[in-house]
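Values in this text are rule-based calculations from the coordinates and carry no lab data. Note that the structure is a prediction, hence the values are computed from the model and not measured. Neighbour counts run over all protein chains shown; Cβ positions are idealised from the backbone, glycine included.
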Amino acid sequence: MVLAHNQKSKIIYQKWVLVISPLAVFLLTTSLAFSQYFPSNNYPPNYFRNPLGIPMELSGNFGQLRSDHFHMGLDIRTNQKENYPVYAAAEGYISRIKVERLGYGRAIYIAHPNGYTTLYAHLNDFYDTLNNYIKDKQYKEEKWEQDFELKPNQFPITKGQFIAYSGNTGGSRGAHLHFEIRDRNGNIQNPLLFGLPLADKAAPIIHHLFVYDRNYSTYHNPPVQVDITGGKGLYTTKDSLLEVNSDKISFGISAEDLIGKSSFKMGLYQAEVWIDSVAVFAFRMNNFSYPNSRYINACIDYEERFNGDTYIQHLSKLPGNHLSIFSKSLGDGVIELKDTLPHHAAVILKDAAGNISSLSFLYRRKDTVPAARSTNADITKLQPNNNFDLEKEGIKVSFNEMAFYDTVPFKVNVLNAPQQTVSSVYNLCCTDIPVHTYYDVSIKLLQQVPDSLRSKVLMQLSSDKYADAAKGDWNGNWMQASFERLGTFQLVMDTIAPSIEFVNIPKSNDYSNENHLTIEVKDNLSAIKKFRAVLDGQWLMFSRKDNYYIYNFDGHCSLGTHQLLVTAEDESGNIAQQAFSFIKEKPKPQPKTNKKKHKALTKKKSTKKKRK
């Protein structure tokens with residue numbers, strides 16, 4: 001939908017020119033803002049408690065902007081420490097357990113009588129009864145990663161019951177507890193709407209306004225940055241009147257929220273755009289499903305983020321954005337300027353606690369605007385919500401209708417092939433344009449490869465910021481694989497096995513005073529497909545964090561001298577093995593430290609520093 005300014009705008013403008021301060025604009029606009037453009041939700045207040053036993057502080061909130069996804073819960077701080085007791089937020093039963101290398105790491109799901117489910121992630125150990133149940137299952141199946149459901153009578157839970165210890169497992173990059181609330185349909189809810197004990201009196205902070213020319217696409221069409229002034233919830237542009245060099249625009253904003261005492265920058269909860277006292281666009285971060293979280297790449301200026309470090313959030317809905325956070329009763333935020341009169345705009349932000357910030361400004365279209373730009377003949381305009389198939393010089397590409405969010409200036413370049421490749425090298429469009437769904441790429445062999453070596457061929461995707469490789473399916477001399485990023489593609493031969501390295505080996509391989517054993521396994525091209533460790537002929541369970549495999553010493557390793565055999569396999573089927581002998585006895589006494597001498601040395605060093 002495009003909002004058109006008409007004769008009525010002239011009358012509205014005559015009223016707005018009387019406004020002489022941001023505060024006056026704010027008072028006029030916010031009396032109209034935050035009407036019920038969204039379905040009402042009844043969240044049970046005070047049903048869920050703080051899942052930790054320490055005051056609740058956040059390092060991330062629901063809707064916070066992350067790489068390729070919105071943050072889907074609360075990250076609750078644990079003072080940069082692990083192993084804080086975690087408690088059930090309400091009564092129910094443990095309905096699901098997940099143990100994985102990335103993502104949630106070790107996680108517990110609790111189903112509650114009111115239909116909601118809470119999730120506790122990045123945990124270390126579970127409580128003893130549950131921990132033993134899971135460990136027995138892992139050893140029986142000889143499989144560390146787990147994802148299974150439980151029956152209501154297996155592990156009933158009371159509110160406030162100890163269930164686990166906090167940690168830093170999975171995709172976590174620092175000790176904390178990730179906490180989610182889901183409804184009976186699996187949609188993840190904003191936990192801040194449930195009355196959790198968090199004091200929030202700070203309004204969102206606005207840094208910059210951005211203006212987009214919407215005559216073509218938001219891709220490869222940089223916005224105009226507008227400086228603003230103000231604070232404490234009231235902002236305006238530094239220039240009293242913005243002159244716009246287009247007859248069709250939308251706005252973007254760089255902004256963030258603060259919650260409680262935390263200094264971490266949080267995501268926005270709600271935003272509205274008003275033009276001449278009429279609401280034209282709004283979004284609210286109440287809930288959505290996990291698979292739809294990738295739509296963050298349609299809600300931000302992906303190109304700006306990819307090439308820099310700035311998050312610009314669109315105050316419009318791109319045509320291929322099907323996320324459910326937008327008001328259905330309003331437009332898409334694209335504004336058509338049919339005259340050159342000044343008009344008033346207000347951007348109003350609201351957090352989950354009800355704190356409001358307003359950015360008010362005047363803008364007008366310039367008397368003349370540039371003609372629509374032309375594109376090169378070898379560039380194809382890919383439109384969102386449409387399928388697209390392309391074939392060119394040994395490559396086939398197929399996108400479905402959900403692949404793109406906005407018009408994409410698509411181009412395929414054929415590059416010179418390095419010696420290690422067995423195909424031509426193809427650059428698909430632009431690495432700084434996002435793809436929402438997986439798409440198919442088929443590449444033809446440039447040279448004959450014996451059948452015995454075809455299993456060693458991978459399709460490789462690369463750019464200056466990421467790399468990926470997949471073992472595709474063969475159809476004659478064509479290999480097909482699927483990816484969810486654009487970049488440079490080629491077929492490569494992989495005959496190199498993974499590397500296996502034992503990390504921080506103690507003297508004489510004596511682990512008597514160690515509580516874990518760590519192995520680093522890496523591959524030159526692909527991911528590690530299989531890892532297996534056998535201790536004295538018996539399978540031994542290692543957890544995984546990134547490229548590190550970790551065994552925490554337990555009853556499965558008795559005292560004495562042991563032989564460990566480690567096997568690793570990559571996507572091409574290349575296998576590496578390494579045997580390792582070590583000793584595990586009762587812990588040996590450690591030499592005592594002379595604390596008084598240590599303190600004296602510390603004091604002496606401190607004194608020298610002061611003299612400098």
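Here region 415-570 is described by how far its Cα atoms reach on the three principal axes: 57, 37, 26 Å, from widest to narrowest.
Using R₀ = 60 Å, calculate the FRET efficiency as 1/(1 + (r/R₀)^6) where r is the Cβ-Cβ separation of N41 and I575; round to 0.05. The value I calculate is 0.65.
I want the local charge near I500. Using Cβ-Cβ distances under 12 Å, sum +1 for each Lys or Arg and -1 for each Asp or Glu among the other residues. The partial results should precede the final answer.
Numbers: positive: K522, R532; negative: E501, E520, D523, E569, D570.
Value of the local net charge: -3.
Once backbone amide H atoms are built at 1.01 Å from N, D440 has S398 as its partners under 5 Å, excluding neighbours fewer than 5 places away on the same chain.
Report the full-extension gain for the segment K261 to N245: residue separation times 0.36 nm, less the Cα-Cα distance, to one decimal in nm.
This chain segment gains 1.5 nm when fully extended.
For V244, nonlocal amide neighbours, meaning residues 5 or more places apart or on other chains whose placed amide H falls under 5 Å from its own, are R364, R365, K366. Dividing the summed -39500 (n - 2.57) terms of all DSSP H runs of n ≥ 4 by the residue count of the chain sets its mean residue ellipticity at 222 nm at -3000 deg cm²/dmol.
With a ≥ b ≥ c the root eigenvalues of the C-alpha gyration tensor of region 53-105, is it rounded (a/c under 1.5), prolate (a/b larger than b/c) or oblate?
oblate
Counted residue by residue at 0.36 nm each, then reduced by the alpha carbon distance between them, the extension gain from T561 to R49 reaches 179.5 nm. Between D339 and K465, the contour length at 0.36 nm per residue exceeds the alpha carbon distance by 41.0 nm. Couplings for region 344-351, taken from phi via the Karplus curve 6.51 cos²θ - 1.76 cosθ + 1.60 with θ = phi - 60°, read 9, 10, 9, 10, 10, 10, 9, 8 Hz in order; Gly and Pro are left as x. Reducing region 229-245 and region 286-319 to their Cα centroids gives an inter-centroid distance of 24 Å. Listed values for region 283-293 are Karplus-derived 3J(HN,Hα) couplings in whole Hz (6.51 cos²θ - 1.76 cosθ + 1.60, θ = phi - 60°), namely 9, 9, 8, 8, 6, 5, 7, 4, x, 7, 5, and x replaces Gly and Pro. Treating the chain as a set of equal point scatterers at the Cα positions, no solvent, please give the Debye-formula log₁₀ I(q)/I(0) at q = 0.08, 0.10 Å⁻¹. Each listed q corresponds, in turn, to -0.75, -1.08. In this structure the amide hydrogen of V422, modeled in the peptide plane, comes within under 5 Å of the amide hydrogens of L491, V492, M493, none closer than 5 places in sequence on its chain.
Modelled spin-label separation between K81 and L446, with each label point placed 7 Å from Cα along the Cα-to-Cβ direction: 5.8 nm. For region 70-106, the residues whose amide N sits under 15 Å from a probe point set 7 Å from the Cα of Q161 along the beta carbon direction are 86-97.
Taking label positions 7 Å along the Cα-Cβ direction at both D546 and S482, the computed distance is 2.9 nm, reported to one decimal. Within the chain, antiparallel bridges make up roughly 95 percent of the DSSP beta bridges whose residues both belong there. For region 436-447, 3J(HN,Hα) computed residue by residue from phi via the Karplus equation (6.51, -1.76, 1.60; θ = phi - 60°) reads 7, 10, 5, 10, 9, 10, 10, 10, 8, 4, 8, 9 Hz, glycine and proline entered as x. Assuming a ≥ b ≥ c are the square roots of the Cα gyration tensor eigenvalues, decide whether region 380-493 counts as rounded (a/c under 1.5), prolate (otherwise, with a/b larger than b/c) or oblate. It is prolate, given that a/c is not under 1.5 and a/b is the larger ratio.
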